[in-house]
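Asker: Below is one structure. I have some questions about it.
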Amino acid sequence: MNSRVYEQVLHRLAAYCSRGERCISDLRRKMTLWELTENDQSSVIIHLQNEHFFDEKRFCRAYINDKSKYDHWGINKIKYELAKKQISESLIREVLAEMDFTSDLKQLHQLLETKRKSVKGDSEYEINQKLKRFAIGKGFPLDEIEAALNFNP
């Protein structure tokens, strides 16, 4: 790749990283669309990483915070989506250990109570089963779901 194209790619990806937290797979996806070779992609990624335009750990923290706080995702779905973004399992575990999930039960309870208003069912058992399926789809573990259903603030 010539130096002019290299500078353009660096500039575009630096701007992309400046708009929000990114991971290596996000950058590689962009560069693959631009039909850059693997060697060129690696050199651009190394340059951007040396300039601190992105950091996988920082991305992981922001992703976990945003998805749990704003999208109300559970830990299982967050882990799955981070793995899809090719974040290492060890980094995911490390960042999750740093995060505080103490208010999750209360948030899950509020989420389920909000959903309960729109769920139709013939019995309380049927409604609870639908709520459990909903929460499992959001990525919450079954034991937390059952605790949230029985939670009395």
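Values in this text are rule-based calculations from the coordinates and carry no lab data. Bear in mind that the values here come from a model prediction, so they are computed numbers and not experimental data. Cβ atoms come from the backbone with ideal geometry, glycine included; neighbour counts cover every protein chain shown.
Asker: Please report the relative contact order for the chain, taking Cα pairs under 8 Å with a sequence separation of at least 6, and give it as a percent rounded to a whole number.
Answerer: Dividing the mean separation by the residue count of the chain yields 23 percent.
Asker: Where does helix 24-33 land angle-wise versus the long Cα axis of the chain, in degrees 0 to 90, nearest 10?
Answerer: 60
Asker: Can you pull out the chymotrypsin sites (Phe, Trp or Tyr not before Pro) in region 4-105 that DSSP calls coil and that have at most 10 other Cβ atoms within 10 Å?
Answerer: Listed in order of number, the matching sites are 70.
Asker: Angle check, please: helix 124-137 long axis (alpha carbons) against the longest principal axis of the chain (alpha carbons), in degrees 0 to 90, nearest 10.
Answerer: 10
Asker: Could you tell me the center-to-center distance, by alpha carbons, between region 92-128 and region 24-61 in angstrom?
Answerer: Distance between centres, Cα-based: 35 Å.
Asker: If you build a Gaussian network model of the chain, linking Cα atoms that sit under 10 Å apart, which residue out of 128, 76, 50 swings the most?
Answerer: 50
Asker: Here's another thing I want to ask about it. Let's test this: bin the Cα-Cα distances of region 83-153 at 10 Å from zero up to the farthest pair and state each bin's percent.
Answerer: P(r) over region 83-153, rounded to whole percents: 18, 42, 26, 13, 1.
Asker: Per DSSP H run of at least 4 residues, take -39500 (n - 2.57); add these up for the chain, divide by its residues and hand me the 222 nm value, nearest 500 deg cm²/dmol. Intermediate values should be presented prior to the final figure.
Answerer: Working: 9 runs with 108 residues, N = 153.
That comes out to -22000 deg cm²/dmol.
Asker: Which log10 I(q)/I(0) values does region 15-119 give at q = 0.15, 0.18, 0.20, 0.24 Å⁻¹ under the Debye formula, counting every alpha carbon as one identical point scatterer?
Answerer: So the normalised log intensities work out to -0.71, -0.91, -1.04, -1.31.
Asker: Same structure again: Excluding the sites themselves, what is the longest stretch of the chain that contains no trypsin sites (Lys or Arg not before Pro) in a DSSP loop with at most 13 other C-beta atoms within 10 Å?
Answerer: With a cap of 13 other Cβ atoms within 10 Å, the longest stretch comes to 20-116.
Asker: Run the reach check for residue 138 against lysines, Cα to Cα strictly under 25 Å, same-chain hits fewer than 8 apart removed. What comes back?
Answerer: Here the lysines satisfying the reach criterion relative to residue 138 are 57, 67, 69, 77, 79, 84, 85, 106, 115, 117, 120, 130.
Asker: A further question follows. If you line up the long axis of helix 104-116 against the longest principal axis of the chain, both from Cα atoms, how many degrees apart are they, to the nearest 10?
Answerer: 70
Asker: Most fluctuating residue of 42, 123, 90 in a GNM of the chain with Cα springs under 10 Å: which is it?
Answerer: Its mean-square fluctuation being the largest, the pick is 123.
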